[in-house]
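Okay, structure first, notes after.
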Amino acid sequence: MNLAELQKKLVAAARANPPSDRVPYAFEKRIMARLALLPCPDAWALWSRALWRAVAPCVMIALLLGLWAFFAPKGNPSDLSQDFENTLLVAVDHANNYPQ
Amino acid sequence: MEPTEAELIAAVLKGDAASFEPLVQKYSPRIFATVRRHARRESEVEDIAQEIWLKTFQKLGSYRGEAPFEHWLMRLTVHTCYDFLRGHQRNRERAFSELTEPENDWLGHFSTQPESASEHAAAARQLIGRVLEKLSPAARLVITLLEIEERSVKEISQLTGWSVSLVKVRAFRARGEMRKILAKLAKDKYL
């Protein structure tokens, strides 16, 4: 069987029979009814859904940070406060050490 | 005076959903004809057309008005048909042994007298339907657009969103796939 010829014939058969453009009765009414049922996007609902979804990860992060703060090896507790104070007062110290 | 298409679209975007109905009325015949080309069964046609209109309504905000609305709608139609074909790939493996008597007769007639086998016969139409059903979704889409609807590669690229070179590659593969299916059809019938 000549397959190339068969292919040509079958494609020609498809071309010779264009599909119908018949639309079912009251199709547009059904579409409009479906559109009326579509949920209307509500900004508040979207925000509240996003915030609710964020709750679990936030709780997990808070727990992990709490555990880390509790179990982390403790250095000198005054380190951070001391560093902070030194940074703030560096200009004053400089002025005291080198009076004009 | 009836509102123009652009006015209807603007009204829908402002929240007047009723302005969508004239658009549905105007373009539904075109959509149904296109969907019937791509769908495997008539029972799927209305579902696909309905999905197209719901998507159109939801995505209307992304229509920029640079190209005619009909082009934008046809792109959405082809995309939806392709997604549907990909999502419903069942029955592709069905054997050709289930051919009906007229289909068998047409093939028999073709094998003895290829020139006189009419392409207008209902059996030929059913056979091409069966062959298309066995193609992969991408191959079916390309064969339908390129061979049956005789569209250019550039047009197919615009409709599908594929690059021109991808359309060419898929067309090459689709023709190969179709040849294999036809070879299997001939083998099932005559061996």
Q.
I'd like to check something: does region B:130-150 contain any residue that is under 21 Å from B:LYS55 (Cβ atoms) and facing another protein chain (nearest Cβ under 9 Å)?
A. yes
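Which ones in region B:170-191 are more than 30 Å from B:THR112 (Cβ to Cβ) and loosely packed, with under 14 Cβ neighbours inside 10 Å?
B:PHE172
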**Q.** Matching residues, region A:65-83, being part of a helix (DSSP H, G or I) and either among the charged types (D, E, K, R) or modelled with pLDDT of 95 or more (or both)
**A.** A:ASP79, A:ASP83
(Q) Could you go through region A:8-23 and let me know if any residue there is within 7 Å of chain B (Cβ to nearest Cβ), touching a Ser or Thr at 6+ places or on another chain (Cβ under 6 Å), surrounded by 10 or more Cβ atoms within 10 Å (Cβ to Cβ) and not charged (D, E, K, R). (A) yes
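Give B:LEU159, B:LEU135, B:LEU127 a once-over and let me know the one that is closer than 23 Å to B:ALA33 by Cβ and touching a His at 6+ places or on another chain (Cβ under 9 Å). Full working, then the answer.
Working: B:LEU135 fails: touching a His at 6+ places or on another chain (Cβ under 9 Å); B:LEU127 fails: touching a His at 6+ places or on another chain (Cβ under 9 Å).
Exactly one residue qualifies, and that residue is B:LEU159.
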Q.
Being free of Cβ contacts under 8 Å to residues at least 24 places away in the same chain and either out of contact with any Leu (no Cβ under 6 Å at 6 or more places or on another chain) or closer than 30 Å to B:ARG130 by Cβ (or both) narrows it down to one residue among B:SER62, B:SER19; which is it?
A. B:SER62
Q: Determine which single condition B:PHE32 fails, assuming it passes every other condition in (1) within 12 Å of chain A (Cβ to nearest Cβ); (2) closer than 24 Å to B:SER157 by Cβ; (3) within 14 Å of the chain's Cα centre (by Cα).
A: (2)
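The values are calculated or read from the model by the stated rules, or taken from the named source; none is laboratory data. Everything quoted here is computed from the prediction, not taken from an experiment. We place every Cβ from the backbone using ideal geometry, glycine too, and count neighbours over all the protein chains shown.
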